[in-house]
Amino acid sequence: MFWLIGGAIAAVGILGFLSYEENQAYSRYKSTESDLLKETEQREQQMQAQRTQHAYARNFREHIELHYASVQTANALYQHYEAHKNMVKMFRAKQNSLGTHIGMLKAKRDRATGEDKQAIKIELQQYYEYLKQAKAQLVSLYAAKDDLLNKIRKINQQTRAYKLYIRDHCGTQGHDWYARRLERSAIAAR
């Protein structure tokens, strides 16, 4: 009965084998993920729309604000990627911990008799279920990693292209802005 509850809890994003802090971290990670992916897609569409509508090429401030928003989105996406790596580490560690605990329970089961042996078998089933959930989460996280990296690369490339678009289509203001960005980058690199 307990793992059925654990399975129901796992369906809504809380896994029974995680500590309270780990569950909180995982919940925060999942809640920011969908918002961030929507924001990334929105920024990509805005940049594409601005480039295709040359009538806006003269509105320098609007372009600069969109570029800045795109940089902020890319930074948030990278921070999400770092959180993703932490989630992978957490679930890997939990998987190893569960495997070790299962090994100890098996040894204990082999030495036990009667009711104790039956209780250990039930506990083993519970830990096998937890291990299965941890493995499923890892598979899901590994699958999402490449997609997340591709999104980071794509928005970075589009932001770079948009920066060049501003330079090439916003006249003197665009050239000056681009030159200032290069100067700031050179100073920051020192």
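The values are calculated or read from the model by the stated rules, or taken from the named source; none is laboratory data. All values derive from a computational prediction rather than experimental measurement. With ideal geometry, Cβ positions are generated from the backbone for all residues, glycine too; neighbour counts draw on all protein chains shown.
The table below lists the values:
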item: Residue match in segment 41-48 (condition: buried (at least 18 other Cβ atoms within 10 Å of the Cβ), among the polar types (S, T, N, Q) and in contact with a Leu (Cβ under 9 Å, 6 or more places away or on another chain)); result: no
item: Pairs where the first residue, in segment 40-69, is over 13 Å from residue 169 (Cβ atoms) and modelled with pLDDT of 85 or more and the second is surrounded by 13 or more Cβ atoms within 10 Å (Cβ to Cβ) and among the small types (Gly, Ala, Ser), C-beta under 7 Å, 6+ apart; result: 43/69; 43/70
item: Residue that is nearest to residue 136 (Cα to Cα) [pool: residues in segment 88-114 that are among the aliphatic types (A, V, I, L, M) and surrounded by fewer than 15 Cβ atoms within 10 Å (Cβ to Cβ)]; result: 93
item: Qualifying residue in segment 94-110 (condition: among the β-branched types (Val, Ile, Thr), farther than 21 Å from residue 39 by Cα and either out of contact with any Pro (no Cβ under 8 Å at 6 or more places or on another chain) or touching a residue at least 40 places away in the same chain (Cβ under 8 Å) (or both)); result: yes
item: Only listed residue being in contact (Cβ under 8 Å) with a residue 12 or more places away in the chain and more than 18 Å from the chain's Cα centre (by Cα), chosen from 91, 17; result: 17
item: Flag for residue 143 being free of Cβ contacts under 8 Å to residues at least 24 places away in the same chain, more than 30 Å from residue 179 (Cβ to Cβ), in a helix (DSSP H, G or I) and over 14 Å from the mean Cα position of the chain (by Cα); result: no
item: Residue 180 vs. criteria assigned to a helix (DSSP H, G or I), within 30 Å of residue 83 (Cα to Cα), free of Cβ contacts under 8 Å to residues at least 40 places away in the same chain and of a type in the set (D, E, K, R); result: no
item: Residue match in segment 127-139 (condition: over 30 Å from residue 48 (Cβ atoms), buried (at least 18 other Cβ atoms within 10 Å of the Cβ) and among the acidic types (Asp, Glu)); result: yes
item: Condition broken by residue 185, with the remaining ones in (1) of a type outside the set (A, V, I, L, M); (2) surrounded by 11 or more Cβ atoms within 10 Å (Cβ to Cβ); (3) within 26 Å of residue 43 (Cα to Cα) satisfied; result: (2)
item: Of the criteria (1) of a type outside the set (Ser, Thr, Tyr); (2) free of Cβ contacts under 8 Å to residues at least 60 places away in the same chain; (3) under 30 Å from residue 22 (Cα atoms), which one residue 149 fails; result: (2)
item: Test result for residue 124, over 30 Å from residue 80 (Cβ atoms) and surrounded by 14 or more Cβ atoms within 10 Å (Cβ to Cβ); result: yes
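Table: residues versus (1) crowded, with 18+ Cβ neighbours inside 10 Å; (2) among the polar types (S, T, N, Q); (3) assigned to a helix (DSSP H, G or I); (4) touching a Gly at 6+ places or on another chain (Cβ under 8 Å).
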position	(1), (2), (3), (4)
30	no, no, yes, yes
37	no, no, yes, no
66	yes, no, yes, no
76	no, no, yes, no
82	no, no, yes, no
86	no, yes, yes, no
